[in-house]
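Everything on this sheet refers to the single structure shown next.
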């Protein structure tokens, strides 16, 4: 940091200028890093749900063991038809 009075360089840990003795201004404290905001978590969950639901609808991911495989296959064919997969 440069002295505001004489312009001499002083290390950041010094309180007074080594040349003219003027009290140096305190360096600004670094900003604290914030963690992920709640809005970011909401977006992450929404994207995850979208991806999982798309995979289920296209028949690439099967949740549960219901015997209705025909519906999943028809949805899978529709997804291939529209080039989703």
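Read the figures in this text as sums done on the coordinates, not as results from a lab. What you see is a predicted model; the values in this text were computed from it and never measured. Here the Cβ positions follow ideal geometry from the backbone for every residue, glycine too, while neighbour counts run over all protein chains shown.
Would any residue of segment 15-31 have its amide N under 13 Å from a label point 7 Å out along Cα→Cβ of residue 6? List them or say none. Hits in segment 15-31 for residue 6 at 13 Å: 16-24. A straight chain from residue 19 to residue 53 at 0.36 nm per residue would run longer than the Cα-Cα distance by 5.3 nm.
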